[in-house]
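What follows is a single structure, written as structure tokens, with notes after it.
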């Protein structure tokens, strides 16, 4: 009994499985093995994360149940119809949080061209921009409505970066689309890292 419990504590489970049983014949006479791991061969279409509490909204219409809310909660991915110039995917933090970094991945293995193109990552601190340190103010790129541009999506449809702790608490983060897209857009990974997360 003790040995079994100890094994369960160190037993490593891989999902999806690394190996699959092949064949139906058993070494036991008259026994047929029909083993099939339901997860084997499945490709992961999204990557869930435990993001800070936020209300989310976008002007991009979702396809079926692939909403931005479900993607943010790690239940699925966001699949939106034809992003237009000026569309935004907005995350309003309740309460505001100190952010450390972000990772947004668009497209997935089934729809690799459904990416966000020419899209920036922007944050809105609770403190006025005039309160930021001078070294930071000199290198900042800001929008007309006082958001700070902290990154953009690359050719592979990924936006990843760190956020200077001098920004303090952030009340909102948004993805701002700058050009009309010929494709739908998938957001398969949303990871917003707070200063107190590991």
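The values are calculated or read from the model by the stated rules, or taken from the named source; none is laboratory data. Predicted model only: the values in this text are computed from it and were never measured. Methodologically, a virtual Cβ is constructed for each residue, glycine included, from the backbone with ideal geometry; neighbour enumeration extends over all protein chains shown.
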Contact list, first residue from segment 51-78 and at negative phi and touching a residue at least 12 places away in the same chain (Cβ under 8 Å), second anywhere and surrounded by fewer than 18 Cβ atoms within 10 Å (Cβ to Cβ) and part of a strand (DSSP E or B), beta-carbon distance below 6 Å, six or more apart or interchain, is 52/194; 53/94; 54/92; 55/92
Over segment 178-198, the set of residues touching a strand residue (DSSP E or B) at 6+ places or on another chain (Cβ under 6 Å) and modelled with pLDDT under 95 is 195
By residue number, the members of segment 141-177 that are touching a strand residue (DSSP E or B) at 6+ places or on another chain (Cβ under 7 Å) and loosely packed, with under 14 Cβ neighbours inside 10 Å are 141, 142, 143, 146, 161, 162, 165
Within segment 128-140, restricting to residues that are assigned to a loop (DSSP other than H, G, I, E, B) and surrounded by 13 or more Cβ atoms within 10 Å (Cβ to Cβ), the one that is farthest from the chain's Cα centre (by Cα) is 132
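Kindly indicate whether residue 172 is modelled with pLDDT of 95 or more, within 21 Å of residue 96 (Cβ to Cβ) and part of a strand (DSSP E or B). Can you show your working first?
Working: modelled with pLDDT of 95 or more: yes; within 21 Å of residue 96 (Cβ to Cβ): yes; part of a strand (DSSP E or B): yes.
Judged against the criteria, residue 172 is a match.
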Does segment 80-91 contain any residue that is more than 16 Å from the chain's Cα centre (by Cα), at pLDDT 95 or above, buried (at least 20 other Cβ atoms within 10 Å of the Cβ) and assigned to a loop (DSSP other than H, G, I, E, B)?
-> yes
Residue 109 fails exactly one of (1) within 16 Å of the chain's Cα centre (by Cα); (2) modelled with pLDDT of 95 or more, namely (2)
Taking segment 114-134 and keeping residues more than 19 Å from residue 172 (Cα to Cα) and modelled with pLDDT under 95 leaves 117, 133, 134
